[in-house]
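Q: Got a structure for you, written out below as structure tokens; questions coming shortly.
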Amino acid sequence: MSKISLVIITFNAENMLDKVLAQAKKLTKDIVVVDSFSTDKTEEIAKEFEVNFYKKEWVGYGSQKNYANKLALNNWILSIDADEVLSNELIDEIKALNLNDENLAFNIPFKNNYCGKLIKHGRWKNEHHVRLFNKKTVSWNTSQVHEGLNLSNIEIIDLKNPIFHFSMQSKEQHLAKAKKYAEMGASRMYKQGKKATFIKQYINPMFRFINDYIFSLGFLDGKLGFQLAYIISKETYWKYQKLDKLYKV
């Protein structure tokens, strides 16, 4: 039996969930899905795959994931999102790992599919994340947005094979997500006492676009490369714009 539990948090994830779970079942029988009361077919799809399905009111990314990890039968956790599909090669690589040291964690490369196209350049070219870890020694922080793992005194080992991330599938979906993340980021910075200076609000977005589109060769991905760099820069602008407004309320 696998030493690994696979954990997913969901909300209205019907678009990709069947593909995600079909691959997950190749790795482990212990799959935990914690759902924030979806209104689509997420629950129906999850139960078709006979996973351990739970519902919990949304409490933030990190807190939601920590809650889900506690429900897992195993200490080793592979944490993925509901639009991330394990490659067959990664499944085989993980199965071959020696998981006797709980002070290890594993860094996984990602290949990003954006609006139906594999992104080969720009910010997302060499994306990777630590997603396999032992819950006895590693947990998620509780940042409201862009949650990360607490990895103090943990040795990170790079894996070779990827997770395929089927990110935003339309410009409209990406813009909506960018606005949501901008609001969450502004709220977090406001609580930390950070201010929206002129440079941060106007220069930072411009620099981010130039870096992503020019210096990181995003232009080689054509129209979608421009769109991706543009919306990411807009998210930065919206974040500091919202932060500035919070101080004026």
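The values are calculated or read from the model by the stated rules, or taken from the named source; none is laboratory data. Just so we're clear, the structure is a prediction, and the values are computed from it rather than from any experiment. Quick reminder, even Gly has a Cβ in these numbers, built from the backbone with ideal geometry, and neighbours come from all protein chains shown. Note: accessible area is taken over every heavy atom of the protein model, side chains too, but ligands, DNA and RNA are not part of it. Shrake-Rupley method; radii C 1.70, N 1.55, O 1.52, S 1.80 Å.
Q: Just to be sure I understand, how many residues within the stretch 129-158 are within 27 Å of residue 207 (Cα to Cα) and modelled with pLDDT of 95 or more? Full working, then the answer.
A: Here is the first cut: in the stretch 129-158, the ones within 27 Å of residue 207 (Cα to Cα) are 129, 143-148.
Now narrow it down to the ones that are modelled with pLDDT of 95 or more: 129.
Going through the stretch 129-158 one residue at a time, the tally reaches 1.
Q: From the list 203, 156, 231, 199, exactly one residue is of a type in the set (Val, Ile, Thr) and closer than 28 Å to residue 88 by Cβ. Which is it? Step through it out loud before you land on a result.
A: Numbers: 203 fails: closer than 28 Å to residue 88 by Cβ; 231 fails: closer than 28 Å to residue 88 by Cβ; 199 fails: closer than 28 Å to residue 88 by Cβ.
Being of a type in the set (Val, Ile, Thr) and closer than 28 Å to residue 88 by Cβ holds for just one of 203, 156, 231, 199, which is 156.
Q: Can you work out which of the residues in the stretch 23-70 that are open to solvent by 30 Å² or more (accessible area, probe 1.4 Å) and on the phi > 0 side of the Ramachandran plot is farthest from the chain's Cα centre (by Cα)?
A: Filtering first and then ranking leaves 50.
Q: From the list 229, 176, which one is surrounded by fewer than 18 Cβ atoms within 10 Å (Cβ to Cβ), among the aliphatic types (A, V, I, L, M), within 18 Å of residue 115 (Cα to Cα) and within 19 Å of the chain's Cα centre (by Cα)? Step through it out loud before you land on a result.
A: Working: 229 fails: surrounded by fewer than 18 Cβ atoms within 10 Å (Cβ to Cβ).
Step by step, each of 229, 176 is checked, and only 176 is surrounded by fewer than 18 Cβ atoms within 10 Å (Cβ to Cβ), among the aliphatic types (A, V, I, L, M), within 18 Å of residue 115 (Cα to Cα) and within 19 Å of the chain's Cα centre (by Cα).
Q: Output the number of residues of the stretch 1-34 satisfying the condition of being farther than 18 Å from residue 134 by Cα and part of a loop (DSSP other than H, G, I, E, B).
A: Of the residues in that region, 8 qualify.
Q: How many residues does the stretch 191-226 contain that are among the acidic types (Asp, Glu) and open to solvent by 70 Å² or more (accessible area, probe 1.4 Å)? Steps first, answer last, please.
A: Looking only at the stretch 191-226, we keep the residues that are among the acidic types (Asp, Glu), and these are 212, 221.
With the extra rule that they be open to solvent by 70 Å² or more (accessible area, probe 1.4 Å), the set shrinks to none.
Result for the stretch 191-226: 0.
Q: Does the stretch 154-171 contain at least one residue that is in contact with a Lys or Arg (Cβ under 6 Å, 6 or more places away or on another chain), buried (at least 16 other Cβ atoms within 10 Å of the Cβ) and under 30 Å from residue 100 (Cα atoms)?
A: Within the stretch 154-171, one or more residues are in contact with a Lys or Arg (Cβ under 6 Å, 6 or more places away or on another chain), buried (at least 16 other Cβ atoms within 10 Å of the Cβ) and under 30 Å from residue 100 (Cα atoms).
Q: Answer yes or no: is there a residue in the stretch 232-242 that is touching a residue at least 24 places away in the same chain (Cβ under 8 Å), open to solvent by less than 30 Å² (accessible area, probe 1.4 Å), touching a Pro at 6+ places or on another chain (Cβ under 7 Å) and in a helix (DSSP H, G or I). Explain how you work it out, then say what you get.
A: Filtering the stretch 232-242 down to residues touching a residue at least 24 places away in the same chain (Cβ under 8 Å) leaves 232-242.
If we keep only those that are open to solvent by less than 30 Å² (accessible area, probe 1.4 Å) too, we end up with 232-233, 236, 240.
Going one step further and asking which of them are touching a Pro at 6+ places or on another chain (Cβ under 7 Å), we end up with 233, 236.
Cutting the leftovers down to in a helix (DSSP H, G or I) gives us 233, 236.
Yes, the stretch 232-242 has at least one match.
Q: Still on this structure: Can you tell me which residue is farthest from residue 244 (Cα to Cα) among those in the stretch 180-207 that are in a helix (DSSP H, G or I) and in contact with a Phe, Trp or Tyr (Cβ under 6 Å, 6 or more places away or on another chain)? Steps first, answer last, please.
A: Of the stretch 180-207, the ones in a helix (DSSP H, G or I) are 180-191, 198-207.
Pick out the ones that are also in contact with a Phe, Trp or Tyr (Cβ under 6 Å, 6 or more places away or on another chain) and you get 182, 200-201, 205.
Working: 182: 12, 200: 11, 201: 9, 205: 15 Å.
So the residue we want is 205.
Q: Which of the residues that make up the stretch 115-153 are open to solvent by 50 Å² or more (accessible area, probe 1.4 Å) and farther than 27 Å from residue 2 by Cα?
A: 116, 117, 118, 120, 123, 125, 126, 142, 144, 146, listed by residue number.
Q: Only one of (1) touching a strand residue (DSSP E or B) at 6+ places or on another chain (Cβ under 6 Å); (2) within 27 Å of residue 98 (Cα to Cα); (3) not aliphatic (A, V, I, L, M) is not met by residue 53, so which one is it?
A: For residue 53, the failing item is (2).
Q: Any residue that is more than 23 Å from residue 87 (Cβ to Cβ), open to solvent by 50 Å² or more (accessible area, probe 1.4 Å) and touching a residue at least 40 places away in the same chain (Cβ under 8 Å) - is there at least one of those in the stretch 6-20? So that I can check it myself, show each step before the final result.
A: Taking the stretch 6-20 first, the residues more than 23 Å from residue 87 (Cβ to Cβ) are 11-12.
Next cut, open to solvent by 50 Å² or more (accessible area, probe 1.4 Å) only: 11-12.
Remaining after also requiring touching a residue at least 40 places away in the same chain (Cβ under 8 Å): 11.
For the stretch 6-20, residues more than 23 Å from residue 87 (Cβ to Cβ), open to solvent by 50 Å² or more (accessible area, probe 1.4 Å) and touching a residue at least 40 places away in the same chain (Cβ under 8 Å): present.
Q: Filter the stretch 71-114 down to residues that are outside any strand (DSSP E or B) and open to solvent by 40 Å² or more (accessible area, probe 1.4 Å), then give me how many there are. Lay out the reasoning, then the answer.
A: Taking the stretch 71-114 as the starting set, the residues that turn out to be outside any strand (DSSP E or B) are 71-75, 80-83, 87-103.
Within this subset, residues satisfying the condition of being open to solvent by 40 Å² or more (accessible area, probe 1.4 Å) are 71, 73, 75, 81, 88-89, 92, 95-98, 100-103.
Count: 15.
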